[in-house]
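Q: Dropping a structure here in structure tokens format, bear with me for questions.
The values are calculated or read from the model by the stated rules, or taken from the named source; none is laboratory data. These numbers come from a predicted model, not from an experiment. Here the Cβ positions follow ideal geometry from the backbone for every residue, glycine too, while neighbour counts run over all protein chains shown. Areas reflect the complete protein model, heavy atoms only, side chains present, ligands, DNA and RNA absent. Shrake-Rupley method; radii C 1.70, N 1.55, O 1.52, S 1.80 Å.
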Amino acid sequence: SSHGVARGMLVLWEKHLVGRVLDTTPLTCRVMLATDSGFRVGALALPRLYDQSVPLNSRDIGVLEGTGDRACVLKWVSGEAVVDEGATVVTTGDPATAFPRGLLLGRVSTVSRGRGPFPKVDVIPFLNPRALDSVVILLRTEKP
């Protein structure tokens, strides 16, 4: 906290989302990892052959939730959305929380389409947090 770090700030490694700051002390902070149970962020699975000139629909957007066991699930994605195994999952961005769009989260490992309207999409994160030796915390700045 002595360097301006506060609860809720994003923790990154390059363009990869590691998690959010949970608590701070003057010299340390505790981070909720993206794989932790209770972690949620707006996300979407980019089609493997994604053309940036083609906009993605709101039906493609879901919520990435940590499962607590080094994995994640992409929930609430419409059954009409194109979600393939191997697709890259990124953040959608949220202007209300200043959450940036396009941070890397993981890769779709399996897609199970059952009888319900939403497929079950399992995501394996790109990062192993135990292998990180440094991270960056995005500090908020006040708007002029």
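Q: Go through 72, 29 for me and flag whichever is at pLDDT 90 or above, closer than 13 Å to residue 129 by Cβ and of a type outside the set (Asp, Glu).
A: 72
Q: When the residues of the stretch 89-106 are filtered to those that are of a type in the set (Gly, Ala, Ser) and either in contact with a Pro (Cβ under 7 Å, 6 or more places away or on another chain) or open to solvent by less than 50 Å² (accessible area, probe 1.4 Å) (or both), which remaining residue is farthest from residue 15 (Cα to Cα)?
A: Selected residue: 93.
Q: Look through 115, 130, 101 and report the one residue that is part of a loop (DSSP other than H, G, I, E, B), out of contact with any Leu (no Cβ under 8 Å at 6 or more places or on another chain), free of Cβ contacts under 8 Å to residues at least 12 places away in the same chain and basic (Lys, Arg).
A: Values: 130 fails: part of a loop (DSSP other than H, G, I, E, B); 101 fails: part of a loop (DSSP other than H, G, I, E, B).
115 is the lone residue from the list that is part of a loop (DSSP other than H, G, I, E, B), out of contact with any Leu (no Cβ under 8 Å at 6 or more places or on another chain), free of Cβ contacts under 8 Å to residues at least 12 places away in the same chain and basic (Lys, Arg).
Q: With the condition kept exactly as written, say whether any residue in the stretch 102-119 is at pLDDT 85 or above, of a type in the set (Lys, Arg) and at negative phi.
A: Within the stretch 102-119, one or more residues are at pLDDT 85 or above, of a type in the set (Lys, Arg) and at negative phi.
Q: Could you check the stretch 107-133 and list, in sequence order, the residues that are under 21 Å from residue 9 (Cβ atoms) and either open to solvent by less than 40 Å² (accessible area, probe 1.4 Å) or among the hydrophobic types (A, V, I, L, M, F, W, C) (or both)?
A: 125, 126, 127, 132
Q: Among the numbered criteria (1) at pLDDT below 90; (2) outside any loop (DSSP other than H, G, I, E, B), which one does residue 22 miss?
A: Here residue 22 clears every test but (1).
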